[in-house]
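Okay, structure first, notes after.
Each value in this text was obtained by applying a stated rule to the coordinates, not by laboratory testing. As the structure is a prediction and not an experimental result, all values here were calculated from the model. Glycine also receives a Cβ, built like all others from the backbone with ideal geometry; neighbour counts cover every protein chain displayed.
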Amino acid sequence: MQHPEVKAFFDKASNTFSYVAWDPATMKAAVLDSVLDYDAASGRTSRKSADTVIAFVRAQGLIVEWVIDTHVHADHLSASSYVQSVLGGKLGIGEHIRTVQDSFGALFNAGTEFRRDGSQFDHLFSDGERYMVGRIEATAMHTPGHTPACVTHLIGDAAFVGDTLFMPDYGTARCDFPGGDAATLFRSIQKIYALPGSTRIFLCHDYRAPARDEFAHETTVSAERSSNIHVHDGVSEAEFVAMRTSRDATLSMPQLILPAVQVNMRAGQLPPAEDNGVRYLKIPLDAI
């Protein structure tokens, strides 16, 4: 398989890894899961994390073809629109973003000005769709379960799985968000496990298992299949669903889910300013 170069960037505040993946032959690149810094106490945003990615792209002389979000993140705000405004490229997400926009558009009473057709993005990836990063072949794999719109992007031998999987010693993503489903996640993981064992897996998050000193962002299909603590070879769908359902019932909501989803369902754009010129994020009470 073709072998893209990959550079990871870690945002410790949200435990998020962003990536630049590029074809060394053409220097054409994709930016995946960028972060817009957000201070919940003050409501202030910052572009520091995204500017670090942008500086790297410029220093390497890369040409950005794609700016991709693997899904509508619930734990950080996306900087995808900002990155695109500086570096260019097409803004992409999975086509099931429409389902997420319907659900959360209603929750936040977003009004008629908020389009629920995915048109905030330049491209909506369908399951199995093939595209290119330079001369490297890429495939979008619909891998729902954590959210309805999750997509794994296989770029050459590198699979960017979003929140579907974590490091083998940490397990798998939660499934209790609107539209999430543990059985669906199990089946999505099997699609990833069907890839060649040497396929590199790049994770969107790491929360560092207790026995591990360092944060990590890369593993392989073979390592996940043999030792993922939640879903290694031999674990049945029923066993996984029982484990995931029980575990999810003990988890608190992510700290930034309410601001993050409002921004991310808009392709990283902040909500429109009101008549006083100020933008606002809503906090629905007793709703989730």
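Each of L251 and Y280 was given a label point 7 Å from its Cα along the Cα-to-Cβ line. The distance between the two points is 3.1 nm. Taking 45 Å as R0, compute the FRET efficiency from the Cβ-Cβ separation of A8 and R115 and round it to 0.05. Efficiency for this residue pair is about 0.85.
DSSP assigns beta bridges within the chain; of those with both partners inside it, close to 70 percent run antiparallel.
Considering all different alpha carbon pairs of the stretch 81-234, the Kirkwood hydrodynamic radius works out to 16.6 Å. Sort the stretch 106-154 into rounded, prolate or oblate with this rule: let a ≥ b ≥ c be the square roots of the eigenvalues of the Cα gyration tensor; rounded if a/c is under 1.5, and if a/c is not under 1.5, prolate when a/b is larger than b/c, oblate otherwise. Taking the square roots of the gyration eigenvalues as a ≥ b ≥ c, the stretch 106-154 is oblate.
A viscosity of 1.306 mPa s and a temperature of 10 °C, combined with the Kirkwood radius over Cα pairs in Stokes-Einstein, give a translational diffusion coefficient for the chain of 83 µm²/s.
Shown here for the stretch 149-218: trypsin sites (Lys or Arg not before Pro) in loop regions (DSSP other than H, G, I, E, B) with at most 15 other Cβ atoms within 10 Å, namely R208, R212. What is the pair-distance distribution P(r) of the stretch 140-204, computed from all Cα-Cα distances in 5 Å bins starting at 0, with each bin given as a whole percent? The calculated distribution, bin by bin, is 4, 20, 31, 28, 13, 4, 1. Shown here for the stretch 214-261: GluC sites (Glu not before Pro) in loop regions (DSSP other than H, G, I, E, B) with at most 14 other Cβ atoms within 10 Å, namely E214. The residue list G180, H153, S198 was ranked by how far each Cα lies along the charge dipole of the chain toward its positive end, using unit charges on Cβ atoms, and H153 comes out on top. Please give the Cα centre distance for the stretch 170-232 versus the stretch 14-35, rounded to the nearest Å. First find each Cα centre; the distance between them is then 20 Å.
Both numbers refer to the Cα atoms of the stretch 203-288; Rg and Dmax are 18.9, 58 Å.
Each Lys and Arg contributes +1 and each Asp and Glu -1, all at the Cβ; summed about the Cα centre of the chain, the dipole is approximately 380 debye. What longest region of the chain stays clear of chymotrypsin sites (Phe, Trp or Tyr not before Pro) that DSSP places outside H, G, I, E and B and that have at most 13 other Cβ atoms within 10 Å? Between exposed loop sites, the widest span is 1-206. Stretching the chain fully between L270 and D176 yields a gain of 31.3 nm (0.36 nm per residue, less the alpha carbon separation).
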